[in-house]
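Beneath this line is the structure, given in structure tokens, with notes to follow.
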Amino acid sequence: MKYRKPVIAGNWKMNTDIESGIKLVKEILDLSDSIANVEKIVCPPFVSLTSIARALNGSSIQLGAQNVNANENGSFTGEISTTMLCGLISHVIIGHSERRMFNGESSNQVAAKAITVSNAGIVPILCVGEDLSIRKSGKAANFVTKQLKASLKGFLNWESLIIAYEPIWAIGTGEAATSGQAQEMAAICRKVIYQLSPDVADSVRVLYGGSVNSGNVAELLIQPDIDGALVGGASLKAKEFSNLIRIASSN
Ligand code: 13P
């Protein structure tokens with residue numbers, strides 16, 4: 001099996017203002033800038049990106065956005081494009097379940113974003129995951145397979161892709177998927193990649209997200225198809241987030 005460098009990415013969601021965001025990232029830097037063998041990414045709100053990019057300059061921590069428009073420019077009031085983000089960030093979260101739920105984003109739109117993002121030289125962190133009713137009906141594997149295929153329609157730049165399996169029922173609930181459930185679904189994501197582009201299936205990183213903390217991350221990361229974590233709540237606490245980074249570096 002190919003070596004895949006683990007990724008710990010923090011999704012700050014709609015939390016922190018500019019001042020508290022800078023404070024948080026400085027604390028994270030103090031605690032984890034020197035930790036090697038793990039890719040570290042923080043994804044603050046748009047308004048903080050410029051100041052946080054400055055704080056991270058020259059460090060080992062990379063910067064991501066939480067969303068982007070699929071168009072490169074134009075009459076899309078209030079939207080942010082890859083053209084604006086180029087040079088500022090290296091990653092962008094797309095297709096997060098909160099955007100699919102609260103902003104009505106379809107997998108077609110997510111697929112368009114994935115293409116625009118990778119064309120701009122930015123790595124998409126593409127999220128998929130089922131809700132509780134789908135999980136209970138035993139159709140999670142089928143649902144995520146379809147959702148991932150649809151979200152990657154037309155995608156070609158396979159060297160530049162991270163996938164995050166985030167079951168909706170585990171997000172912000174304190175009830176993470178078991179390592180067995182998470183591994184099963186990460187393997188399904190990898191199988192989809194194999195079907196779409198066999199040569200890269202072994203190198204694309206698949207993350208798990210949903211109530212990850214320093215108590216459960218080690219068990220998740222030792223699973224053969226899980227290559228890191230996309231972290232919400234725990235990424236807002238410098239010490240806890242740095243603990244996740246440390247555990248991932250030694251896993
Ligand atoms: P929590 O870690 O707070 O469950 O959030 C996960 C998530 O949605 C990351 O994108």
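The values are calculated or read from the model by the stated rules, or taken from the named source; none is laboratory data. On a predicted model such as this, the values are computed, not experimentally measured, just so you know. When we count neighbours, we look across all protein chains shown, and the Cβ atoms used for this are built from the backbone with ideal geometry, even at glycine.
Descriptive notes on the structure:
- Listed conditions (1) touching a residue at least 40 places away in the same chain (Cβ under 8 Å); (2) under 25 Å from SER107 (Cα atoms); (3) loosely packed, with under 14 Cβ neighbours inside 10 Å are all met by VAL192, apart from (3).
- Meets criteria (closer than 27 Å to MET101 by Cβ and away from the ligand (no atom under 12 Å from the Cβ)) for ILE222: no
- Any chance PHE102 is hydrophobic (A, V, I, L, M, F, W, C), away from the ligand (no atom under 15 Å from the Cβ), surrounded by fewer than 20 Cβ atoms within 10 Å (Cβ to Cβ) and at pLDDT 95 or above: no
- Meets criteria (within 16 Å of the ligand (Cβ to nearest atom), under 18 Å from the mean Cα position of the chain (by Cα) and either farther than 21 Å from ASN251 by Cβ or surrounded by fewer than 21 Cβ atoms within 10 Å (Cβ to Cβ) (or both)) for TRP169: yes
- You will find that of LYS146, LYS153, LYS191, the residue that is closer than 20 Å to ASN119 by Cβ and charged (D, E, K, R) is LYS153 and no other.
- Only listed residue being in a strand (DSSP E or B), among the hydrophobic types (A, V, I, L, M, F, W, C), without any contact (Cβ under 8 Å) to a residue 60 or more places away in the chain and touching a strand residue (DSSP E or B) at 6+ places or on another chain (Cβ under 9 Å), chosen from LEU29, LEU63, LEU49: LEU63
- Residues that are away from the ligand (no atom under 12 Å from the Cβ) and modelled with pLDDT of 95 or more within the stretch 229-251 comprise ALA238, LYS239, SER242, ASN243, ILE245, ARG246, ILE247, ALA248, SER249, listed in sequence order.
- Any hit, the stretch 197-219, residues being within 20 Å of VAL110 (Cβ to Cβ) and among the charged types (D, E, K, R): yes
- Any hit, the stretch 205-216, residues being at pLDDT 95 or above, surrounded by 21 or more Cβ atoms within 10 Å (Cβ to Cβ) and over 23 Å from ILE35 (Cβ atoms): yes
- Number of residues in the stretch 132-166 that are crowded, with 19+ Cβ neighbours inside 10 Å and within 14 Å of ALA186 (Cα to Cα): the value is 9.
- Qualifying position, being under 21 Å from GLY154 (Cα atoms) and without any contact (Cβ under 8 Å) to a residue 40 or more places away in the chain, among ASN69, ASN108, ASN119: ASN119
- Residue check for SER160: in a loop (DSSP other than H, G, I, E, B) and either polar (S, T, N, Q) or closer than 18 Å to ALA9 by Cβ (or both): yes
- Matching residues in the stretch 197-213 - criterion: being away from the ligand (no atom under 12 Å from the Cβ) and either of a type in the set (Asp, Glu) or in contact (Cβ under 8 Å) with a residue 12 or more places away in the chain (or both): SER197, ASP199, VAL200, ASP202, SER203, VAL204, ARG205, VAL206
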